Amino acid sequence: MSETPVKQQNTTAYYGQAVISFAIALGAVAIGIYHMDADGWVRAFMGIAVLYLTTSAFTLAKVVRDRQEAGQIVSRVDQARLEKLLAEHDPFQKL
């Protein structure tokens, strides 16, 4: 028999914690760059680097999630094929 996987969903508290943590981290880095004892172009470079790192992290997270979801779909299709073959198989049938 087939077991339907339960879709896991994050709680609202977990989602809120992740958003708040991200906002605090990004804010702390922005304040640190603002108060850095360096020329304006150095601070601007650091700001651009932080923004690039942030967008890269979001892209990486999406790619990892998409790959995991694709693997689950392939696994379900393979499982359905196996179940069909087992259901159609008659061990007492002559070859």
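Restricting to segment 33-50, give me the number of residues that are open to solvent by 100 Å² or more (accessible area, probe 1.4 Å) and not in a loop (DSSP other than H, G, I, E, B).
The number of residues fulfilling the criteria is 4.
Would you check if there is a residue in segment 2-15 being open to solvent by less than 100 Å² (accessible area, probe 1.4 Å) and touching a Leu at 6+ places or on another chain (Cβ under 9 Å)?
Scanning segment 2-15, I find no residue that is open to solvent by less than 100 Å² (accessible area, probe 1.4 Å) and touching a Leu at 6+ places or on another chain (Cβ under 9 Å), so the answer is no.
As an exercise: evaluate residue 5 against (1) in a helix (DSSP H, G or I); (2) at pLDDT below 90 and give the number of the one condition it does not meet.
Condition not satisfied by residue 5: (1).
Among the numbered criteria (1) loosely packed, with under 11 Cβ neighbours inside 10 Å; (2) outside any helix (DSSP H, G or I), which single criterion is violated by residue 63?
Every listed condition holds for residue 63 apart from (2).
Check 87, 57, 70, 28 and return the single one that is in a helix (DSSP H, G or I) and open to solvent by 80 Å² or more (accessible area, probe 1.4 Å).
Exactly one residue qualifies, and that residue is 87.
The values are calculated or read from the model by the stated rules, or taken from the named source; none is laboratory data. Given the structure is predicted, the values throughout are model-derived calculations rather than measurements. Reconstructed Cβ throughout: ideal geometry from the backbone, glycine too, with neighbour counts over all protein chains shown. The area values use the complete protein model at the heavy-atom level, side chains included, leaving out ligands, DNA and RNA. Shrake-Rupley method; radii C 1.70, N 1.55, O 1.52, S 1.80 Å.
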